[in-house]
Amino acid sequence: MSVSLDPQLLAEASARLAAVRQRIETACAGAGRNPSELTLVGACKHQSVDRIAAAVCAGLGDLGENYVQAARTIHPLVEQRLRDHFAGAPAPTPRWRMIGHLQRNKAAQALEVFRAVDTVDTVRLARALSGRALAAGDVVDICLQVNLSAEQSKSGCSEDALAELLDGCASLPGVRVVGLMTLPAPGPTPESSRDTFARLRGLRDTLCHATGGKALHHLNMGMSADLEVAIAEGSTVVRVGTDLFGERETAPDTETQTEAQAKATAQAKAI
């Protein structure tokens, strides 16, 4: 029995990715920017293995997951699904990024999967990541998360604490601070996010003149609803979820979905 991905699913993934890329290109044209400056991250929380693999086959290079355990479960399944689909030919290898809050005690587990952590908000977390990365002979890219809306429900350092956070992270040998990240407060329109995005850009520009700030190339901001505004304000990394993958699965949790899919795939290969 064939274990190739469903052709209709592949066609849908290609169409969705093309539509999102067209939005990015249009936004870049309006802002006088080159689309090559943008990295598109597929937020794959609660998405099926096949949908994620189909998006990678369509050309999506970066995948973001919110939870360490979910990523540890789904990562090998997606990799195996891609190998099965390509049947011995070289399969694409997406870059996995941590896009949710990361607890310091899960740093080691996180680096088993993630090549970048977009949500560092304390020196202690950066230090833990640095130590684990060095032990593996590696360096991990990180973005510093800033809570510009001062929402208690959101992680991130305060604007006033950012310079100190950068100073504390810049000297760590196992991490590479590549940019800043923020999540704006919910608003009635995409324009509601503009002030937050502009503030993050201003902070980045100021810090680029400070010690440790020269490598702050990235502004990690903007999602499906407001990516055009984010791009106009200088974003270099945008996250898109359902517009790329479709509606999230309705199963209770990611592990239940992926484990069920793994069993089904193994049974199909055995036939």
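Give, as a single signed number, the net charge of other residues whose beta carbon lies under 15 Å from the beta carbon of Ala43, with Lys and Arg counted +1 and Asp and Glu -1.
0
Which order do the peptides 128-141, 50-63 take when ranked by the mean count of other beta-carbon atoms within 10 Å per residue, highest first?
50-63, 128-141
Spin-label point model (7 Å from Cα, Cβ direction): what's the Val139 to Thr242 distance in nm?
Rounded to a tenth, the inter-label distance reads 4.0 nm.
Between (1) 27, 23, 18; (2) 57, 23, 15; (3) 32, 23, 16, which entry matches semi-axes √(5λ) of the Cα gyration tensor in Å as derived from the coordinates of this structure?
Given (1) 27, 23, 18; (2) 57, 23, 15; (3) 32, 23, 16, the calculated one carries the label (3).
For the ranges 36-46, 196-206, what's the packing order if you count other beta-carbon atoms within 10 Å of each residue, average per peptide, and put the highest first?
Going by the mean number of other Cβ atoms within 10 Å, highest first, we get 36-46, 196-206.
Give me a comma-separated list of calculated 3J(HN,Hα) values for the range 59-65, in order, Karplus coefficients 6.51, -1.76, 1.60 applied at θ = phi - 60°, integers in Hz, x for any Gly or Pro.
x, 6, x, 10, 10, x, 10
How do 230-240, 4-14 rank on mean C-beta neighbours within 10 Å, highest first?
Ranking, from highest mean packing down: 230-240, 4-14.
For the chain, set up a GNM with springs between Cα atoms under 10 Å and report which of His209, His85, His217 has the largest fluctuation.
His209
How charged is the neighbourhood of Ile142? Take every other residue with its Cβ under 9 Å from the Cβ of Ile142, and add Lys/Arg as +1 and Asp/Glu as -1. Please list the in-between numbers first.
Numbers: positive: Arg176; negative: Asp118, Asp141.
Local charge sum for Ile142: -1.
Let's test this: bin the Cα-Cα distances of the range 56-191 at 5 Å from zero up to the farthest pair and state each bin's percent.
Each 5 Å bin holds this share of Cα pairs: 2, 10, 18, 19, 17, 14, 10, 6, 3, 1, 0.
A short reminder: the numbers here are calculations on the coordinates, not readings from a lab. The structure displayed is predicted, hence computed values, not measured ones. Cβ atoms come from the backbone with ideal geometry, glycine included; neighbour counts cover every protein chain shown.
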